[in-house]
Amino acid sequence: MAAIYCCNPPSANNIHQLLGDGKKVVNDHVAYRTFNTDKVNLNKFANHLIALGYDECGQYNFVAKKLTAKHFEHQDASMPKVFVSELRVEEFSPSVQKIIHSLVEQLPDNISEQPNFLYSGRPWKISFKDYQTLLAESEYAAWLAAWGGYRANHFTVSINHLESYHSIIDVNERLKKSGYALNSNGGEIKGDDAVKLEQSSTLADKALVEFSDKNAEIPSCFYEFAKRYPLANGELYTGFVAESADKIFESTNAVA
Ligand code: NI
């Protein structure tokens with residue numbers, strides 16, 4: 001399973017060191033992005049996750065971003081939850097749809113059956129010009145086209161499992177003191193104890209991407225922090241909060 005953490009944001013090791021005091025940091029969840037086209041849609045991810053022992057546990061709809069998402073939990077609760085979203089391509093302009101279809105058309109029909117599908121990175125070529133056309137309509141589409149969905153786009157530190165920090169406020173303060181920029185869209189802390197989940201995230205680091213016509217620095221992956229609260233039965237809430245996730249997506253915005 002370690003293989004699915006392919007995305008290594010440049011600041012990852014520093015964050016583990018900072019919050020974990022050198023100890024192991026527990027991952028609450030990883031997230032994937034994809035297009036809803038037949039070859040690579042959410043169900044194709046689900047097949048891999050189910051084969052790994054995951055069950056489908058929740059569904060989410062992001063109307064403004066035109067996304068459908070599901071989350072998956074493993075029978076072994078120490079395994080990270082997985083959040084997969086897919087872009088509803090048909091809801092975009094003809095020019096955006098055409099670019100997305102031109103990417104997916106580059107893929108073999110059986111791409112999702114390949115064992116390395118979940119960490120194959122970006123399996124298509126794209127020009128910077130097309131990236132910018134996508135960016136004008138959807139930050140998500142542009143990020144996905146530039147990076148490929150087939151890498152985890154964030155790792156989430158479980159605050160519940162940290163020894164030195166118990167509140168998300170303390171975690172955020174520590175990060176800011178160390179120079180990390182936090183995603184403040186919708187406030188630095190998304191959610192609260194009433195919805196049983198608090199989340200915050202760094203803004204994605206920029207990294208150089210090779211486009212077919214030029215190289216350019218664009219937002220890459222980010223780090224997320226999650227604190228879960230117990231339900232009436234004493235067990236920690238394991239779901240996601242759509243309103244919070246909506247803002248977390250914006251951690252990879254070009255201008256956040
Ligand atoms: Ni997340």
- Query: Residue by residue through segment 95-107, which ³J(HN,Hα) values in whole Hz follow from phi under the Karplus form 6.51 cos²θ - 1.76 cosθ + 1.60 (θ = phi - 60°), with glycine and proline marked x?
  - Reply: 5, 5, 4, 5, 4, 4, 5, 5, 6, 5, 5, 6, 8
- Can you work out the accessible area per residue across the chain, with the rest of the protein chains kept in place, probe 1.4 Å, in square angstrom? 45 Å²
- Task: For segment 76-143, give the magnitude of the charge dipole about the Cα centre (Cβ charges: +1 Lys/Arg, -1 Asp/Glu; no others), in debye to the nearest 20.
- Result: 240 debye
- Note on the structure: Restricted to the chain, the DSSP antiparallel beta bridge percent, nearest 5, is 70 percent
- Task: List the relative contact order of the chain as a percent without decimals, with contacts defined as Cα pairs under 8 Å and 6+ residues apart.
- Result: 22 percent
- Please state the Cα pair-distance histogram of segment 185-256 with 5 angstrom bins from zero: what percent is in each bin? 3, 16, 22, 17, 13, 10, 8, 5, 3, 2, 1, 0
- Note on the structure: Which residues qualify? For residue 28, with a placed amide H closer than 5 Å and at least 5 residues away or on another chain, they are 156, 157, 158
- Note on the structure: Note, segment 29-39: 3J(HN,Hα) by Karplus (6.51, -1.76, 1.60, θ = phi - 60°), whole Hz, Gly/Pro = x, goes 7, 10, 10, 10, 10, 7, 9, 8, 6, 3, 5
- Task: Kindly provide the helix-only [θ] at 222 nm of the chain, computed as the sum of -39,500 (n - 2.57) over DSSP H runs of four or more divided by all residues, to the nearest 500 deg cm²/dmol?
- Result: -7500 deg cm²/dmol
- Whole Å is fine, so just give me how far the alpha carbon centre of segment 195-239 lies from that of segment 39-117. 17 Å
- Item | Whole-percent carbon and sulfur share, accessible surface of the chain, 1.4 Å | 49 percent
- Item | Inter-label distance for residue 207 and residue 101, nm, one decimal - labels placed 7 Å from Cα along Cα-to-Cβ | 3.1 nm
- Message: Can you divide the C-alpha Rg of the chain by 2.2 N^0.38 Å and report the result to two decimal places?
- Response: 0.98
- Dmax and Rg, reported as Rg then Dmax, of segment 64-183 (C-alpha, Å): 17.9, 51
- Query: What range in the chain is the longest one free of GluC sites (Glu not before Pro) that are in a loop by DSSP and have at most 13 other Cβ atoms within 10 angstrom?
  - Reply: 1-104
- Task: Kindly write out, for segment 202-211 in residue order, the coupling ³J(HN,Hα) from the Karplus curve 6.51 cos²θ - 1.76 cosθ + 1.60 (θ = phi - 60°), rounded to whole Hz, with x marking Gly and Pro.
- Result: 7, 7, 4, 5, 8, 9, 7, 10, 8, 9
- What trypsin sites (Lys or Arg not before Pro) does segment 59-138 have in DSSP loop regions with at most 13 other beta carbons within 10 Å? 125
- Gaussian network model of the chain, Cα springs within a sub-10 Å range: biggest mean-square fluctuation belongs to which of 145, 216, 181? 216
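The values are calculated or read from the model by the stated rules, or taken from the named source; none is laboratory data. Just so it is clear, the model here is predicted, and its values are computed rather than measured. So basically every Cβ, Gly included, is an ideal-geometry build from the backbone, and we count neighbours across all protein chains shown. Calculation scope for accessible area: heavy atoms of the full protein, side chains included, ligands and nucleic acids excluded. Shrake-Rupley method; radii C 1.70, N 1.55, O 1.52, S 1.80 Å.
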